[in-house]
Every structure is written in structure tokens, then in C-alpha cells.
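Report on the following structure.
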Amino acid sequence: MMSNSTKSIKKLVAVSLAASAICATSAFASPVIKAYQVNGDIKNIGVESSSWSKAKETEILAYPQTTIHLNDKKANELNDGNKAKKIKVKALTDGQNIAFKIEWADKTESIQSGNAIKNTEFADGFAVQFATKYDDPLKLPYIGMGSQDRPVMVYLQKAVAKLFEPNGNGEVTMQVNRANAPKFEKDLERFDIDVAHLARKSYQKAFVAEGFGSMTEIKDKSSDFLMDMKFKKKLFGGSNWEGSVVRPLNDTYVKIYNDPIPVAFAVWDGDKMNRDGLKHLSTWIIVEFDGVVSDDKLKKEFDKPLENANLKNGEELTKANCSSCHNYGAVHEAASAYMAPNLSNIGGYSTTPYLIESITQPHNVIVPGYNANAHTNFAWYYGDKESGMTSAMPAFDYLSEQEILDIVGYLKTLKAEVE
Amino acid sequence: MSKRQLAMVMDLNKCIGCQTCTVACKTQWTNRNGREYMYWNNVETYPGTGYPKNWMELGGGFDAAGDLQDGIIPNIEADYGVPWDYNFDKVGAGEQLTPNVEPTWGPNWDEDEGTGDFPNDNYFFYIPRICNHCTNPGCLSSCPRDAIFKRDLDGVVLVDLDRCQGYRYCIAGCPYKKVYFNPKLSKTEKCIFCFPRIEQGLPPACAQQCVGRIRFVGFLDDVNSQVHQLVHKYKVALPLRADRGTSPNVYYIPPTETPPKFDAEGNVIEGSNRIPVEELEKLFGSEVNGAIKTLKSEMAKRKETGKSELMDLLIAYSHSEMFRLDNNYYKKEGSNKLAPVDNRYLSGKHTQRISRFSRGN
């Protein structure tokens, strides 16, 4: 059964590859980021570095996360009808490290100040995500925090004021009752020095994740990285955030050689109470090294053009096969909004191979950790990591290859307009 | 579902709103480092806005189908109140007594106001509130970080501060608004049922300090505990807003004893009760009628015969009987050394196994 469906996927890929060969230009073609080689160490690079002038920028799109419903009423109202955001990306490498700089528009600079009476402040922020395994482009991790056996590494920076906590060390145990100040003057002085030392950097963290809620901070210093973000008002109106991240090409978590790699980006708007899943995220974007010619499977098969997909037929097939569980766009035909992942922006942040795999082998793309307790009537999967998991969605592997291509072609059109 | 469930019963007939519990909790846990505005335990006047302001209208909890409901995160300045202090130390030097913040709202802004036409039918009563350590917690269900858990040992609901990223969905998800965001730590904190005390065989500070002896603490499955008897045997203790679907584990004896109303001439209306039963039904459900009936009949029985086990329970003769922590239950579970203040609720000394969430029954 399994081998059959794997075979059918392989056949599918062959079919669509043939299709892509026919159509050189395609409406579905994804942007490719080029990493430019620079001389000299970029280990401590920030957004202001002059080295960035050596890189050409690529424009990518980040779509509002609508797969999962979050329960903050006010925030949901603020983010209702969000459009896609443009993100400009540059990449550099010095042979040892790889650095990304991203730039996106944001009207307001939202900083979480740490003021003890401000409990509804949310910070602007950005994240860069790497797949820890990317040799099989048909089996990349789920775009939002990875999936079972397909971990991701996430670098996250938030516009949080330098504070005792959150800070680089995540230290929450050391606290002093300042009301007792007269009694412990010396102690307090020492405490303040410690605080200043611990709070040496703003909120920038590296995480590994393998599904919702599994994001775990890397605290053992096994991940070497540096992030930076700056808010800039533009001369002729408008304002931008610029963010950068630099990491070694190779570390324990992700190994990068000369071949193309998949990277994803996400941005948060604190003004709209964005945090966690309330964000804009891109699909997996290919990064290739400038001047390196490679006949790479990832680049070739990734997000293949679907020119021979019949979108009209795809829409009908989606309605017939998917809409009884999934909501998407303006269509609300599912039994409940909580029944299954919402597909409204699925075309914006999913790759073609991911969509094909989701339809034909849903059990392979389970994202563990979805808080099933919130909607007990609608389990998205059964079982657990130990005993094995089964998706609540049946495999639609009986559909013909063309039918699947039609559906995927239609699904790729499901996404918000660009801002 | 945890293996066992600790619970608290509060007798609203005896609460005098003295806030000793509030102070006991505040001085123990929330007087510093971004927790200044938090009252893990508060006593509010009902009818009233409550703390935070209008918490009952801020969503959260589950609907009848078991789906988590969207909620609103209250704001410190508008809904909780910014804590203020006075310049006591400077008053001796001739300065005017002034607050350091212009007080515009606080947790007890409308204390004792109540409702009705004074003096004929006005009324109010107090509701002390702590985290309900729900069997099906709204906070746990809304956490996207898997940072909130329920201890298997006793059902106490705790936040794993290491996992917490300060997203605040838990506050929206809690129908009681008893989870608080600490802006200084950017993490969520809440009532911990004083588990470091509980593990030593001591009741929570709020219960220990209660001058009216209104609080009973024990395991729901311990048939010898007064909590069990009040909740399950006599069924006079009822959960607050159980309609929000979280199966709360703090139970209340509804207020039955009020002065009678006066008529237009100022004469006593015999047999009248100032607290409308509809209001109690709103808080405690229709079961409140049965509870009131039992309480009234047991009171009458006590008057006539001098004997009533229920009335004896509610008189609360001794702490040792009110607080039944199944002595040595925790000690059997492992070594038991008290850690320094503030470290101890980072991870429970006896938090070996935790239930992240259960799929209902």
C-alpha cells in the first residue's frame, strides 16, 4: 500500500517535471534567493553592515497564518482580512557562515517594554527557519514549526527591551524583593550588576521544533548565531524593519554545503497583537549559492509548475473531496471551523510536493502537538509519538494523478492578496 | 484528568470580606517583580464589576459542544488597576499625603456597593476567588506552547515558566481570568494552590489565614475529608460558573443568610430574602436550589434537635479537620526539602508526572 502510493508520487513528480519542461515560464514559479560570496568574516554582521551592498535582493511573499485558529478575540479582529506582505531578502556567505537580511514594511515600531503596568504590549519580530533535513525535496518539514521526524531550526528575534528577563540566558530564578532594599543594600547592588550582565542582549533565541508547541530553546550554547533588528523611517514616508541573522554553514542542527537549501521567513506585527501563530509566514524558499552551478533535485522538483493543472476542475474536485472538512476562502461548508486545518492561505505558504503528499499520504505529514483539548470533538490525528500517529484525514490516493494535480493547482491559488 | 484532585470549599455565608486571604497570598507570592498588580486570591463584591473588571464577560472556557471559546485579555490600566502607594515616609516632613499614581481603578473599586434600594432591598455578598484548578482548564487548552500542565498527583494546574513564551492566549482562554501576565518576566503566572505548603502538609496561605474559617481544603476522593462531604455527600458546595465548561475545583456554599427586606413603611417583610435566587442560579447553576433547601432544613433540624452533622461541619471547629491533606500523601512520594522562596514554584518538588492534556472522557 505504502510502496504503491510512494510509486504514484514518484510518477506524479515525473509527470509534473515533464510538464515543467514544456512550460519554461510559469505562474507558479517560486523566487530563488542568491547567497553572494564575500571576502572577510561575516560572523558579527548586523543590519548596518556595508557587506550587504554586495548582495542583490529577492522579493518574497509572506502570508497571514490562517491554518490554525487562535483564541484571542481582539487579536483575531485586528488580523481579520490580513493581506500578504512583501519581504525583501538578501543573503551572504563567507565560506564559513551564512547571513540573511530581511526588510519588511511596518507602520509602527512596537516594542515590548517590560514596564510592569503594560500587560498588553506585543513586540514586532521576525524569524528565519531552516529545515534540518532537506535532501529529499518531496519531504520537507511542515512550514509552521516542522512536523513529526522532520525537525526545523528557528531563529527568532523580537523587539523586546533589554530586561532582566526575557534575556539571553532565560534566567527566571534569581529575583530580589526590592521592598526590602534598606536591609540588603550591598546585595541589591550586586543584584543590579548581575541583571545588567544577564540582560546584555535583547530577545534573540534559537529553537528546534518538531510540531506545534514543541519549540524548545537551545540553551546549551550548541548553536552559534547572531541576530539584529532595526526600525527605520523612510525619507518619503513609510517605515521598515530590517532584520539580520548569521549562523555557521554547518552546526549540529543544520548542515549547509554548496547545494541549494530551503529557508522560510516569518514576521510579527506587535501593533496587531501578533505573536506565536498570529503572524505572516512565507513558504519554503530556495537559497542557492551565487556562481555555483548544481543540478540539484531540490531546485528542480521544488514547487513545480502546475501549468497543465485544470484549475476549474481542481475547484470542483476540492469542493467535492475537501470542503466537507476544510474551510477555505469565503467557503464555509465544513461541519465546524475546528474540524480541520483552514486552507484559506494554503497556496501562499505550502509547496507543491507538500500538498501532493498531504492529499495522498496524510499520515506522513502529521503535525504533532495540536492542542486537541481545545476542540475535543475534532481530533486531527490519533495516537502519539510512541504508538504511531494516524491522521484523521483519509488518504485520497485513489484520485488520478491528473485529478491530484488539478486539486493542488487550485489549492495553490488559495491565498490572500498582496498588500 | 489527574489521578487525584485537590479542592477547596468556601462558605460564602461566613465571608466578611476582610481580605486577609488576599494579603496572605500577596505577601507570600505576588508583591514583587511585575506581580504587583496580580491578585492570585481576591475577594470581590457581588453584584459588582469584579476583578478584573467584568471578568464574566471576557470570554474563554468551552461551549456546550466542548469547543474552546475566544476571549479577551484584560488591560492593567483599564481592567485590573495600577497599584499605587503613598508617600508615608515624607508625610512626617510636612508633605501632603499623595498617591504615586493617580488612582483610577483597582481590584475593589466598587466594594460593598452591591445593588438594590437602600435600605429596603439592597444587598451584596462577597466572593473570594482563586484559580479553580479546573479538571478541564481553559488556560491549558489554549496554550500553544504546551507550557501549562496539571499535576497528576493532585490536579494542581501550573505554568512551566521555562516553556512559557508570554503569548497570553491562556488569559483569553480562562473564563475566570485567573491567569496573569507578568510584563517584567514576559511570562504567565497564576495561583499555585500553595503547593510548596501543601506538600509539607500545610493548607494554602489564604485558607490558613482566613479569620472566618470559611475555607476547607482536601482531596475530592477522600471520603473522610470535609471537602468531600460538603461537595459530594451533602451537595451544598457548588462550583462557580460551571456553565463555562472547565469543571472548576473550587466550590462555594451559596449565601443563604441575609436580613429580610423592608416594605415601604419600613416594616420587616417576614420570610423575605434579599438575595434573588436568580442571581445565585447565574453563579452556581440550578443546583443552587437544592443546596439552599438542604442548608435551610439542616439549620432547622439543628435548631429543633441540637444535632446536624452538616451544621457542625460548617461551624468549622478545628483547622485539623477542615484541612485534610491526607497526611504523608506527599511525603510518601519523595524527599521533601523546602527550597528558597521563589525558586520553589519553578518546578514542583513532587511534579514527577504531569498530564499535558486529556482528550475528555
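Observations
- Given (1) within 30 Å of B:Met311 (Cβ to Cβ); (2) of a type outside the set (Gly, Ala, Ser); (3) assigned to a loop (DSSP other than H, G, I, E, B), number of the condition B:Lys184 does not satisfy: (1)
- Any hit, region A:379-393, residues being in contact with a Lys or Arg (Cβ under 9 Å, 6 or more places away or on another chain), over 19 Å from A:Asn313 (Cα atoms), crowded, with 19+ Cβ neighbours inside 10 Å and of a type in the set (S, T, N, Q): no
- Residue check for A:Ile87: under 14 Å from A:Thr283 (Cα atoms) and either away from every other protein chain (no Cβ under 12 Å) or in contact (Cβ under 8 Å) with a residue 24 or more places away in the chain (or both): yes
- Test: B:Asp63 is facing chain A (nearest Cβ under 10 Å) and either among the charged types (D, E, K, R) or without any contact (Cβ under 8 Å) to a residue 12 or more places away in the chain (or both): no
- Of the criteria (1) surrounded by fewer than 17 Cβ atoms within 10 Å (Cβ to Cβ); (2) of a type outside the set (S, T, N, Q); (3) in contact (Cβ under 8 Å) with a residue 24 or more places away in the chain, which one A:Leu281 fails: (1)
- A:Ala340 being of a type in the set (A, V, I, L, M, F, W, C), in a loop (DSSP other than H, G, I, E, B) and closer than 19 Å to A:Pro64 by Cβ: yes
- Enumerated strands (runs of 3 or more DSSP E) restricted to region B:84-178, each holding at least 1 residues that are under 28 Å from A:Glu121 (Cα atoms), more than 14 Å from chain A (Cβ to nearest Cβ) and at pLDDT 95 or above: B:125-129
Yes/no matrix, rows are residues, columns are (1) outside the structural domain of A:Thr58 (by TED's automatic domain parsing); (2) farther than 11 Å from A:Ile102 by Cα; (3) of a type in the set (Ser, Thr, Tyr); (4) crowded, with 22+ Cβ neighbours inside 10 Å:
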| position | (1), (2), (3), (4) |
| --- | --- |
| A:Ser223 | no, yes, yes, no |
| A:Leu226 | no, yes, no, no |
| A:Lys234 | no, yes, no, no |
| A:Lys255 | no, yes, no, no |
| A:Ile261 | no, yes, no, yes |
| A:Phe265 | no, no, no, yes |
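- Condition met for A:Leu78 (surrounded by fewer than 19 Cβ atoms within 10 Å (Cβ to Cβ), more than 17 Å from A:Leu414 (Cα to Cα), within 14 Å of another protein chain (Cβ to nearest Cβ) and in contact (Cβ under 8 Å) with a residue 12 or more places away in the chain): yes
- Pair list, Cβ under 8 Å, 6 or more apart: region B:235-246 residue closer than 10 Å to B:Val288 by Cα, other residue acidic (Asp, Glu) and in a helix (DSSP H, G or I): B:Lys235/B:Glu287; B:Leu238/B:Glu287
- B:Lys178 buried (at least 24 other Cβ atoms within 10 Å of the Cβ) and either among the charged types (D, E, K, R) or over 21 Å from the mean Cα position of the chain (by Cα) (or both): yes
- When B:Cys25, B:Cys15, B:Cys21 are screened for being outside any loop (DSSP other than H, G, I, E, B) and within 30 Å of B:Met299 (Cβ to Cβ), only B:Cys21 passes.
- Matching residues, region A:355-369, being away from chain B (no Cβ under 14 Å), touching a Phe, Trp or Tyr at 6+ places or on another chain (Cβ under 6 Å) and either part of a loop (DSSP other than H, G, I, E, B) or modelled with pLDDT under 90 (or both): A:Ile366
Conditions (1) assigned to a loop (DSSP other than H, G, I, E, B); (2) more than 29 Å from B:Ser141 (Cα to Cα); (3) at pLDDT below 95, marked per residue:
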{"position": "A:Ser20", "(1), (2), (3)": "no, yes, yes"}
{"position": "A:Glu48", "(1), (2), (3)": "yes, yes, no"}
{"position": "A:Glu59", "(1), (2), (3)": "no, yes, no"}
{"position": "A:Ala62", "(1), (2), (3)": "no, no, no"}
{"position": "A:Ala75", "(1), (2), (3)": "no, no, no"}
{"position": "A:Leu78", "(1), (2), (3)": "no, no, no"}
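- Residue in region A:277-286 that is within 14 Å of chain B (Cβ to nearest Cβ) and among the charged types (D, E, K, R) present: yes
- Check on A:Gln129, within 30 Å of B:Leu68 (Cβ to Cβ) and in contact with a Gly (Cβ under 7 Å, 6 or more places away or on another chain): no
- Set side by side, the residues B:Tyr51, B:Tyr80 differ, and just one is away from chain A (no Cβ under 11 Å), in contact (Cβ under 8 Å) with a residue 24 or more places away in the chain and among the hydroxyl-bearing types (Ser, Thr, Tyr), which is B:Tyr51.
- Of all the listed residues (B:Ile275, B:Ile292), the sole one being touching a Ser or Thr at 6+ places or on another chain (Cβ under 6 Å) and part of a helix (DSSP H, G or I) is B:Ile292.
- Matching residues, region B:27-81, being under 22 Å from B:Leu185 (Cα atoms), aliphatic (A, V, I, L, M) and over 18 Å from the mean Cα position of the chain (by Cα): B:Ile72, B:Ile73, B:Ile76, B:Ala78
Residues checked against (1) farther than 27 Å from A:Gln129 by Cβ; (2) within 14 Å of chain B (Cβ to nearest Cβ); (3) assigned to a helix (DSSP H, G or I):
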| site | (1), (2), (3) |
| --- | --- |
| A:Gly314 | yes, no, yes |
| A:Thr318 | yes, no, yes |
| A:Asn377 | yes, yes, no |
| A:Asp397 | yes, no, no |
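- Test for B:Arg35: is it under 25 Å from A:Gly114 (Cα atoms) and not acidic (Asp, Glu): yes
- Residues within region B:185-207 that are crowded, with 19+ Cβ neighbours inside 10 Å, over 13 Å from the mean Cα position of the chain (by Cα) and not hydrophobic (A, V, I, L, M, F, W, C), tallied: 8
- Lone unmet requirement of (1) surrounded by 19 or more Cβ atoms within 10 Å (Cβ to Cβ); (2) within 11 Å of another protein chain (Cβ to nearest Cβ) for B:Arg32: (1)
- Residue count for region A:111-146 satisfying the condition of being surrounded by 21 or more Cβ atoms within 10 Å (Cβ to Cβ), away from chain B (no Cβ under 14 Å) and either of a type in the set (Lys, Arg) or within 29 Å of B:Tyr80 (Cβ to Cβ) (or both): 1.
- Odd one out for B:Arg4, checked against (1) within 13 Å of chain A (Cβ to nearest Cβ); (2) touching a strand residue (DSSP E or B) at 6+ places or on another chain (Cβ under 6 Å); (3) of a type in the set (Lys, Arg): (1)
- When A:Gly314 is tested against (1) farther than 21 Å from A:Val367 by Cα; (2) at pLDDT below 95, just one condition goes unmet, and that condition is (2).
The values are calculated or read from the model by the stated rules, or taken from the named source; none is laboratory data. Keep in mind that this is a model prediction, so the values were computed, not measured. Cβ atoms come from the backbone with ideal geometry, glycine included; neighbour counts cover every protein chain shown.
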